[in-house]
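Quick notes on the structure that follows.
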Amino acid sequence: MKKFLETGKIVGTHGINGMVRVQGWCDDSDFLKGFKYVYTDNKGENRLQITSVKPHGNVILMAFKGISTIEQAETLRNKVIFIDRKDVKLPEGRYFISDLIGCTVFDAETEKELGKISDVSQTGANDVWHISKDGKEYLVPAIDEVLISVDIDNEKVIIKPLKGIFEDED
């Protein structure tokens, strides 16, 4: 599992005092309020100390220690921000998309391998998992009626597929 996880992208500046606009890649902007630091690389070498996080329409406004001018903030534009996995406590039944990608999916009733999770779409109502096998892609809603178990450590997911999704697999 990755130690540093992508959580958003700095898409611009806000005002003249060094604040940036972040396109969040998390369920809720409040999630980022729980962090003291974000990183601008996936190794944790470029750390920014967060001083403020505020939702603002469809973006998140963030301020960082030592970034106090629009010119300094502009240098962060288009940078992906990462969080350290050790700083995160996810509620039960919640997973990082990067941890789901590559998990093998099995049918709960037949124990047949259905494919691997290749992508996750966030639709608003619920996530949709893209399960790929033999060049085909199947879209499965990540809802309680479908999900039986998710074992990230062993990269194994067991589902009860909705009727018709995997019909051409028989």
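Each value in this text was obtained by applying a stated rule to the coordinates, not by laboratory testing. Given the structure is predicted, the values throughout are model-derived calculations rather than measurements. Note that we place each Cβ from the backbone using ideal geometry, even for glycine, and neighbour counts take in every protein chain shown.
Quick notes
- Given +1 at the Cβ of Lys and Arg, -1 at the Cβ of Asp and Glu and no other charges, the dipole of the range 97-164 around its Cα centre is 240 debye to the nearest 20.
- 3J(HN,Hα) along the range 141-149, derived from phi through the Karplus expression 6.51 cos²θ - 1.76 cosθ + 1.60 where θ = phi - 60°, amounts to x, 8, 10, 4, 5, 9, 7, 9, 7 Hz, with x in place of Gly and Pro.
- Selection among Ala63, Gly24, Leu5 by position relative to the dipole of the range 4-85 gives Ala63 as farthest towards the positive end (Cβ unit charges, Cα centre).
- Residue among Glu137, Glu113, Glu92 with the largest mean-square fluctuation in a Gaussian network model of the chain, springs linking Cα atoms under 10 Å: Glu92
- ³J(HN,Hα), Karplus 6.51/-1.76/1.60, whole Hz, each residue of the range 52-66, x for Gly, Pro: 7, 9, 9, x, 8, x, 9, 10, 10, 8, 10, 10, 10, 4, x
- Candidate aspartates and glutamates for bridging to Lys156, where Cα separation is under 19 Å - those fewer than 8 sequence places away on the same chain excluded: Glu92, Asp99, Asp107, Glu109, Glu111, Glu113, Asp119, Asp127, Asp134, Glu137, Asp144, Glu145
- Global form of the range 4-85, assessed from the alpha-carbon gyration tensor, a/c cut-off 1.5: oblate
- Rounded to the nearest 20, the size of the Cβ-charge dipole of the chain about its Cα centre is 1260 debye, with Lys and Arg at +1 and Asp and Glu at -1.
- Difference of contour (0.36 nm per residue) and Cα-Cα distance, Tyr37 to Thr75: 11.9 nm
- The chain: antiparallel DSSP beta bridges as a percent of all, rounded to 5: 90 percent
- Loop-located trypsin sites (Lys or Arg not before Pro) across the range 87-129 with a Cβ neighbour count of 16 or fewer within 10 Å are Lys89, Arg94, Lys112, with loop assigned by DSSP.
- Between Ile101 and Gln49, the simple spin-label model (points 7 angstrom out along Cα→Cβ) gives 3.2 nm.
- Of Gly124, Gly24, Gly34, the residue with the greatest mean-square motion in the GNM of the chain, using alpha carbon springs below 10 Å, is Gly124.
- Amide hydrogen neighbours beyond the local backbone of Val11, cut-off 5 Å, H modeled: Arg21, Val22, Gln23, Asn78
- Reachable lysines, given that their alpha-carbon falls under 22 Å from the alpha-carbon of Lys163 and they are not under 8 places away in the same chain: Lys112, Lys116, Lys133, Lys136
- Note on Lys79: lysines with a C-alpha under 26 Å away, same-chain residues under 8 apart excluded, are Lys2, Lys3, Lys9, Lys33, Lys36, Lys43, Lys54, Lys65, Lys89.
- Rounded to the nearest 500, the helix-only mean residue ellipticity at 222 nm of the chain stands at -1000 deg cm²/dmol, with each DSSP H run of n ≥ 4 adding -39,500 (n - 2.57).
- Antiparallel content of DSSP bridges confined to the range 97-164, in %, to 5: 85 percent
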